[in-house]
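Shown next, in structure tokens, is the structure this report addresses.
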Amino acid sequence: MIENVDISLVEWSRAQFALTAIYHWLFVPLTLGLGLIMSVMETIYLRTGKEFWKKTTKFWMKLFGVNFAIGVATGIILEFEFGTNWSNYSWFVGDIFGAPLAIEAIVAFFLEATFIAVMFFGWEKVSRGAHLTATWLTTAGATLSAWWILVANAWMQYPVGMYFNPDTVRNEMDNFWQVAFSPVAIDKFTHTVLSAWVLSAVFVLGVSCWFLLKKRNTEFALSSIKVSAIIGLASSVLLIFSGHSSAYQVAHVQPMKLAAMEGLYNGGNGVGLVGIGVLKPEHHYNDTANPFIFEIKIPKLLSYLAMSDADAYVPGIKNILEGGYTTPKGETALSAEEKMEKGKTAIRALADFRRAKKDGDPQKMDESQATLTENFPYFGYGYVSHPDELIPHVGMTFYSFHVMVLLSAYFILLFVIALFLKKQRKLLHARWFQWASLWSILLAYIASQAGWIVAEVGRQPWAIQDIMPTWSAISKLQTSSVQTTFFLFLALFTILLIAEIGIMVKAVKKGPDTAEV
């Protein structure tokens, strides 16, 4: 790690950003999913003309509105933190990272802001078709917001479409379409939105089952269960395919993350996927013993998911640090030490370039720039002092990944049972299922948060993969200032969360507008 870095400042800055992101992500997936569900319900209303579906749509729309408002507030704070806590990062890549965030604000957010008023207050003021269009466009706006934010996040994980300008010491965009439509961005968007639809389907299912437990609004509850279970099951099945595609991309561009997800210290050919396992917390990558206290593996599945070949080679943490294996591109992988040396060479070349520019030596400038360009893919490794720093928190990444996967399988079963009981007309009497569905709301949020822990903790120590570690990205602040704002945000977000839960619980207890629904 580079000298003169206040490690406590780095850790508190990371903690504050994680806190904000975790709270923000409590609201976003429900916004995305409820938008789809209420749009589908209003479409049914337009096609059938039944007032029942209008009242059903308005009930879920009310919960959407409460959740949407608080999600916007936390999202604004999250974006501001890039400037306050991570100013070196913002300076280094602001020309690229800022573009999708600006588009999100100008296009997607204004789309939401334009049509959300019509959606909430235009029921009796515009035609049914116009109102349905406003509802779908509000949902589309929220989804577009997610797209551009996830494009920005995906670029941090897979930086493409750019070049480094040694004159400005900044990365600058040279191919917008590579940034906007990189395979990592597409997979991240697809997987994230599908997971949001699953969470919202579980939410609607659970709330509807609460009405069944209370023996009220049964037609409303049964109809909502049917719609949510169909959307949830379809989303869950699609999530399997997007998960496979995501694993494939991670294996190719972030192999260390994949190794941490599976607790894989020593790779090989035909590697199995751990279904259930318990890691030894004290295990070091140089240990020769089995890193698991207990494990159940599905033979060769990790190799298939990572490389689309059941017998393919998948490197472990030790292999990635030592290098020498053949990468998916057919190249020989460099060791961590070799990457660190190339990173230091790139940093020296940048200093030489700027010195030559100051001295008016164009030949030295050209030589230095050529050396910098050749070694720039490893620029961030120059700020790493030991290979151990390149290993993310294996335990947190491993358990988060497996919790996410196991709960995803559980949700598929939940939706199948819901549809089966609905078809058999047994939902009204299946109190065990009603209670299970209600408590599954909490499990859906755990799975959602676990997915983001995998994505963000698994890529540590990088703020930008291979180019900038987190300790090079922070602002020059007093640690005490970050600590103070951390606890202020903790209090503020907790108050907002309690307020939201209180408002939504009150709305749920009140129920739809009429007792007949």
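Computed over the stretch 337-434, the percent of Cα pairs more than 22 Å apart is 62. Normalised by 2.2 N^0.38 Å, where N counts its residues, the alpha-carbon radius of gyration of the stretch 400-496 equals 1.66. Please give the helix 394-423 orientation as an angle from the longest Cα principal axis of the chain, in degrees from 0 to 90, rounded to the nearest 10. With both axes taken from Cα atoms, the answer is about 20 degrees. Using 0.36 nm per residue and subtracting the Cα-Cα separation, the extra length available between A69 and W435 on full extension is 128.9 nm. Taking 10 °C and 1.306 mPa s as conditions, the stretch 212-307 diffuses translationally at an estimated 97 µm²/s according to Stokes-Einstein applied to its Kirkwood radius (Cα pairs).
A crude spin-label estimate for the pair T288 and T494, with each label 7 Å from Cα along the Cβ direction, gives 5.0 nm. For I240 and D6, a Förster radius of 41 Å and the Cβ-Cβ distance give a FRET efficiency of 0.40, rounded to the nearest 0.05. At most 12 other C-beta atoms within 10 Å and a DSSP loop state: those are the exposed GluC sites (Glu not before Pro) I care about. Give me the longest piece of the chain that has none. So the longest stretch without any such site is 332-515. Based on Cα contacts under 8 Å between residues 6+ apart, the stretch 46-188 shows a relative contact order of 24 percent. The alpha carbons of the stretch 129-173 stretch over 54, 19, 12 Å along the principal axes, in descending order.
Structure note, pairs K344/K364; K297/K422; K329/K358; K423/K509: Cα-Cα distances above 30 angstrom occur for K297/K422; K329/K358. Computed in the context of the full set of protein chains, the accessible area of the stretch 169-275 at 1.4 Å probe radius has 64% of its extent on carbon or sulfur.
Extension gain, S87 to K426, is 116.3 nm, computed as 0.36 nm per intervening residue step minus the present C-alpha separation.
Distance from the alpha carbon centroid of the stretch 287-309 to that of the stretch 449-517 works out to 33 angstrom. Structural descriptor for the chain: relative contact order 21 percent, calculated from alpha carbon pairs under 8 angstrom and at least 6 residues apart. Placing dummy labels 7 Å off each Cα toward the beta-carbon, the span from S127 to A18 is 5.4 nm.
Here is the P(r) of the chain: all C-alpha pair distances, binned every 10 Å from 0, give 4, 17, 26, 25, 17, 8, 3, 1, 0 in whole percents.
Give the residues of the stretch 147-179 whose amide nitrogen is closer than 12 Å to a point set 7 Å from the Cα of T373 in the direction of its Cβ. Residues 163-166 fall inside that zone. Packing around the peptides 151-159, 503-511, 358-366, taken as the average count of other Cβ atoms within 10 Å per residue, puts them in this order, highest first: 151-159, 503-511, 358-366. Each of T43, I77, L26 was placed along the dipole of the stretch 26-97 (beta-carbon charges, centred on the mean Cα), and the one lying farthest toward the positive end is T43. Taking every Cα-Cα distance in the stretch 1-43 and sorting them into 5 Å bins from zero, the calculated P(r) comes out as 5, 18, 14, 12, 11, 10, 9, 7, 5, 5, 3, 2, 0 percent. Note on T327 and L477: with the Förster distance fixed at 51 Å, the Cβ-Cβ geometry gives a FRET efficiency of about 0.85. Taking Cα centre as origin and charging only the Cβ of basic (Lys, Arg, +1) and acidic (Asp, Glu, -1) residues, the dipole magnitude of the chain rounds to 2900 debye.
Assuming charge only on the beta carbon of Lys and Arg (+1) and of Asp and Glu (-1), the dipole of the stretch 172-285 about its Cα centre is about 680 debye to the nearest 20.
For the stretch 422-517, the carbon plus sulfur part of the accessible surface works out to 69%, probe radius 1.4 Å.
Accessible area ranking (1.4 Å probe, heavy atoms, ligands and nucleic acids excluded), largest first, for K280, K54: K280, K54. Ellipticity at 222 nm from helices only: DSSP H runs of n ≥ 4 in the chain, each -39500 (n - 2.57), divided by the residue count, give -24000 deg cm²/dmol. Using 7 Å Cα-to-Cβ label points, what is the N165/V416 separation (nm, one decimal)? If labels sit at N165 and V416, their model points lie 5.5 nm apart.
Note: the stretch 17-97, Cα convex hull, 88 Å³ per residue.
Evaluated at q = 0.13, 0.29 Å⁻¹, the base-10 log of the normalised Debye intensity for the stretch 161-217, with identical point scatterers placed on the Cα atoms, takes the values -0.58, -1.02. Taking every alpha-carbon pair under 8 Å whose residues sit at least 6 apart, the stretch 206-285 reaches a relative contact order of 14 percent.
The values are calculated or read from the model by the stated rules, or taken from the named source; none is laboratory data. None of the values given here were measured: they were computed from a predicted structure. Neighbour counts run over all protein chains shown; Cβ positions are idealised from the backbone, glycine included. Surface areas here come from the heavy atoms of the whole protein model, side chains and all, with no ligands, DNA or RNA. Shrake-Rupley method; radii C 1.70, N 1.55, O 1.52, S 1.80 Å.
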